[in-house]
Amino acid sequence: MRFWREVQKLEEENEHLKAYCGKMEAVLREKAQEEKSFSWALSELKRGRKLRRKGWHGKGIWIALQRPDEHSKMTLPYLYIVTENLQSDNTDALRGTAPWLASQTDLLAEDWEIVEEEK
């Protein structure tokens, strides 16, 4: 009987810890979201969101995270940029999809934003 009381006590403590961790994760996510830092952006990319920076010169471009599936030639996740809808006066600007690598400016920026899906 004592053993089962101890087990129940440990399970209750575990539930309290899970709740506390969940609250802390929400607080940290909210703090990162306020800053719109790259760590916030990376977290959102991992959740499947498309992102862009307000500071990027061209409008209509965004980045996303690709997780390869059984049909992919890539075997590891990677970031890519989509410039197909680039709005720019530069008629020579390439438009398409390509792997993307963050610059130092992108890593330190705090102007990341979620690209809302068009309806």
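Observations on the structure shown:
- Couplings 3J(HN,Hα) for region 59-72, derived from phi with the Karplus relation 6.51 cos²θ - 1.76 cosθ + 1.60 (θ = phi - 60°), are 9, x, 10, 7, 10, 8, 9, 9, 9, x, 10, 5, 9, 7 Hz, where x marks Gly and Pro.
- Tail weight of P(r) past 23 Å, computed on alpha-carbon pairs of the chain, percent: 49 percent
- 0 to 90° range, to nearest 10: angle between helix 2-35 axis and the chain longest Cα axis: 20 degrees
- Label zone of ASP111 (point 7 Å out along Cα→Cβ, amide N under 17 Å): in region 41-69 this covers 41, 51-63.
- Summed residue charge, Cβ within 10 Å of ARG52's Cβ, Lys/Arg positive, Asp/Glu negative: +2
- Only helical runs count toward this figure. For the chain, summing -39,500 (n - 2.57) over DSSP H runs of n ≥ 4 and dividing by all residues gives -13500 deg cm²/dmol at 222 nm.
Where a number appears in this text, it was derived from the coordinates with a stated rule and is not lab data. Owing to the predicted nature of the structure, the values given are computational and were not obtained by experimental measurement. Neighbour counts are summed over all protein chains in view; Cβ atoms, including those assigned to glycine, are modelled from backbone coordinates with ideal geometry.
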